[in-house]
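Remarks on the structure that follows.
Each reported figure results from applying straightforward, stated rules to the coordinates on display, with no laboratory input. Since we're looking at a predicted model, the values are computed, not measured. Backbone-built Cβ (ideal geometry, glycine too); neighbour counts: all protein chains shown.
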Ligand code: ADP
Ligand code: MG
């Protein structure tokens, strides 16, 4: 029973943001499964209510996927000793592998292909904003006529910006229109492990056939493609065959194929034959709209001002926005205060900025210089050497984005003559960031060091 719950949790974890998962599923346990009457143990009555209304269907699906009969699903407040039986850390990689194996054996035996889709991702609950409207219009086109104009559909963007949501929504919508449509969603890493397992079991051919029967293949997180010749070749072949047959192929990645070192050049270029669409960070208005919609979805009340506070302070991604919203709503229930009251009391600090405040401009400049192994004098000097200039521009960028200093002040901090040089520098980094993932990683690392 313990294992079943571990496996189910591993599956649930993949579908939720880390914040949501740990908020709602930490300290849960499977108390009883008799006659299909499932009882889940939770911390307190508040959790009973929330889990029942928000996560019943996810939990049911995860349990069923682990071969458990689910007739009714109930929640019960657990005693501390019972809940100790489970803690998140025990979700060992072996457990996850185990789960995948269970899924595979059950699924391979049935004749219908399991889609791998999660029905919670729909187009209706995907908020459209200036950060994603082009991608969404391509998605709509695909839903209306799969396998035509946007084939393959290549969607890229940083973590937590909605790639998985959007591509799964396409899959779910296609399926709604035509329930016989054969769709398969898989992260590339699972594609590989499945392939390797199939070959080992002498079932390489079946694996291949299964994919070739599809009407639509959705590959998530393509950046994890590995440089194992055989697996990549298998993927390439499947890709080509489906493409020839005008079957829809959808691929997501955190970066463009040309920026993934392990990917074969021909495959890289083919993936973006029909263009590449990106998801960007949402603007302030987009963030507010997303927060409002999410709160409405769970019938939670939250003041506009509280929404704006979160939107202003979370500058990372949509997953973090959701996480902060859940945390505030949870605390608001527990403390019996409204979200805005909590914020005004200083009872919560939105983690994505509260750590930004104490950092001084001097610290930013020093940190950037150190990261690029330069002295502050060197970095803030007149040198035009490329890497020194980049470091200087990164410093400008961080002073502008993190500390919101004026261009004049930034000019003084990094030793450049005038504010137009600063504006240019900041813009340069902004535009480079869209395509240069090494730079993106570097800036993240600097920020971590700065606030860590
Ligand atoms: P990615 O795959 O790019 O890392 P996800 O698709 O997992 O990101 O999105 C992270 C979270 O944010 C998910 O819970 C998703 O539902 C939510 N999300 C992302 N974009 C939107 C959007 N435009 N509207 C509503 N929710 C969104
Ligand atoms: Mg994803």
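Tabulated data
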quantity: Segment 284-354: relative contact order in percent, alpha carbon pairs under 8 Å with at least 6 residues between; calculated: 35 percent
quantity: Pairwise FRET efficiency - residue 213 versus residue 32, Cβ, R0 = 60 Å, nearest 0.05; calculated: 0.90
quantity: Stretchable slack from residue 69 to residue 386, in nm (0.36 nm times residue separation minus alpha-carbon distance); calculated: 107.9 nm
quantity: Equivalent ellipsoid semi-axes - Cα gyration tensor, the chain, angstrom; calculated: 39, 32, 20
quantity: Contact order normalised by residue count of the chain, Cα under 8 Å, 6+ apart, percent; calculated: 13 percent
quantity: Pair residue 229, residue 244: separation of 7 Å Cα→Cβ label points (nm); calculated: 2.2 nm
quantity: Relative contact order (%) - criterion: Cα under 8 Å, at least six apart; region: segment 165-275; calculated: 26 percent
quantity: Debye log10 I(q)/I(0) for segment 412-452, one point scatterer per Cα, at q = 0.19, 0.21, 0.26, 0.30 Å⁻¹; calculated: -0.70, -0.79, -0.89, -0.91
quantity: Residue 180-residue 419 FRET efficiency (beta carbon distance; Förster radius 51 Å; 0.05 resolution); calculated: 0.25
quantity: From the C-alpha gyration tensor of segment 306-421, square roots of 5λ in Å; calculated: 38, 13, 11
quantity: Two-decimal Rg to Rh for segment 284-354 - Kirkwood Rh, Cα set; calculated: 0.91
quantity: FRET E, pair residue 375, residue 206, Förster distance 51 Å, beta-carbon r, rounded to 0.05; calculated: 0.25
quantity: Most to least packed among 257-264, 170-177 [average Cβ atoms within 10 Å]; calculated: 170-177, 257-264
quantity: Estimated 222 nm signal from helices in the chain, with DSSP H stretches of n ≥ 4 weighted -39500 (n - 2.57), rounded to 500; calculated: -18000 deg cm²/dmol
quantity: Shape call, segment 361-451: gyration tensor on alpha carbons, a/c limit 1.5; calculated: rounded
